[in-house]
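Participant: Mind looking over this structure? Questions follow.
What follows draws every value from the coordinates through simple rules; no lab data is involved. On a predicted model such as this, the values are computed, not experimentally measured, just so you know. Neighbour counts run over all protein chains shown; Cβ positions are idealised from the backbone, glycine included.
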């Protein structure tokens, strides 16, 4: 029997719940960072067509670690 293996890369834009799981922040803490202007719209987060905020996890990680790309 042959099994097909599918490898999927994590999408760049994720919901706050996923971002929180990745970096150990609550959804509320992530939202507060956005509301306080610590995160830049269009860079770290954007509003999806369904009205939910999504976050670019690689750019968030750069912000978190002080790395500039």
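Participant: With respect to residue 34, is the statement that it is part of a helix (DSSP H, G or I), surrounded by 11 or more Cβ atoms within 10 Å (Cβ to Cβ) and in contact with a strand residue (DSSP E or B) (Cβ under 7 Å, 6 or more places away or on another chain) true?
Facilitator: For residue 34, the condition - part of a helix (DSSP H, G or I), surrounded by 11 or more Cβ atoms within 10 Å (Cβ to Cβ) and in contact with a strand residue (DSSP E or B) (Cβ under 7 Å, 6 or more places away or on another chain) - is met.
Participant: Another question, if that's okay. Looking only at residues that are out of contact with any strand residue (DSSP E or B) (no Cβ under 8 Å at 6 or more places or on another chain) and in a helix (DSSP H, G or I) in segment 37-59, which one is surrounded by the most Cβ atoms within 10 Å (Cβ to Cβ)?
Facilitator: That would be 59.
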